[in-house]
Amino acid sequence: MSLEYLLLIIVTVGLGLGTQWYIKHTYKKWNKASISSGLTGAQAARNMLDANGLSHIAITRIAGELTDNFDPRTMVISLSEGVYDSRSVAATAIACHECGHAVQHARNYVPARIRGALVPAVSFASAIWMFALIGGIILNMLGLIWAAIILYAAVILFQVVTLPVELDASARAMQTVSGYGFLPASESKGARTVLTAAALTYVAAALASLLQLIYLLSFARR
């Protein structure tokens, strides 16, 4: 293993662990801060959906921590156990963020549509790029190595497209919690902190992948 690849691994792992620690630390801090409105995460989500004419979207509870998501195929928002029933600043922020994705879907937000269209191709690329790279190295086939790099670049493109989608969902969430009075100004600051921490995980993942791509390009040229 070359020194530069070892450094890449250290930086990548450091970014991943650092951002995961930060979001969990931020989440736990603001999950202890009760909101003055008394709304649970599920109630805040319901109010935001109804305010945007999306009363047909269901909200359900899902196991795990920070496993919250919106599935456009089933039109269901799944909230983790720590968000669904919690009456905290963090729960409101996360629940409304997922509602932001539902609003994007309803409004045909272009970056979200592009990300959705990329999912099948990216799933394929994610599954085989490493095998193509290893095969190219073992068989000493430069063409196969370059094919692996192109596939990996597609994965990075997906991560880049994801960034504005996540940021916009957070912006829609903050617009709602402030505009509809879910949270007063002091609590809105905490909600913004939680959503910013969550966004950093996507930024860190994209940066780590980009560093990996630069290394692979350098490796192929050598």
| task | Please enumerate the residues belonging to region 125-143 that are surrounded by fewer than 18 Cβ atoms within 10 Å (Cβ to Cβ), free of Cβ contacts under 8 Å to residues at least 24 places away in the same chain and assigned to a helix (DSSP H, G or I). | result | A127, I128, M130, F131, I134, G135, I137, I138, L139, G143
| remark: When restricted to V110, V89, the only residue of a type in the set (A, V, I, L, M, F, W, C) and closer than 18 Å to A198 by Cβ is V89
| task | Could you pull out the residue among A121, A112 that is in contact with a His (Cβ under 9 Å, 6 or more places away or on another chain), closer than 19 Å to V165 by Cα and surrounded by 13 or more Cβ atoms within 10 Å (Cβ to Cβ)? | result | A112
| note | Per the list (1) under 20 Å from the mean Cα position of the chain (by Cα); (2) in contact (Cβ under 8 Å) with a residue 60 or more places away in the chain; (3) closer than 21 Å to I23 by Cα, residue check on L211 breaks on (3)
| task | Filter region 148-186 down to the residues that are over 21 Å from the mean Cα position of the chain (by Cα) and of a type in the set (V, I, T), then identify the one that is surrounded by the fewest Cβ atoms within 10 Å (Cβ to Cβ). | result | I150
| message | Looking at the structure I just gave you, is V110 in contact with a Phe, Trp or Tyr (Cβ under 9 Å, 6 or more places away or on another chain) and either without any contact (Cβ under 8 Å) to a residue 40 or more places away in the chain or closer than 17 Å to I57 by Cα (or both)? | response | no
| message | Give all pairs with beta carbons closer than 6 Å in which a residue from region 184-199 that is of a type outside the set (K, R) meets a residue that is buried (at least 22 other Cβ atoms within 10 Å of the Cβ) and not in a helix (DSSP H, G or I); count only pairs at least 6 apart in sequence or on separate chains. | response | E187/I35; A191/L183
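Readers should treat all values here as calculations from the given coordinates under stated rules, not as data from a laboratory. All of these numbers come straight from a predicted model, not from anything done at the bench. For neighbour counting, all protein chains shown are included, and Cβ atoms are generated from backbone atoms with ideal geometry for every residue, glycine included.
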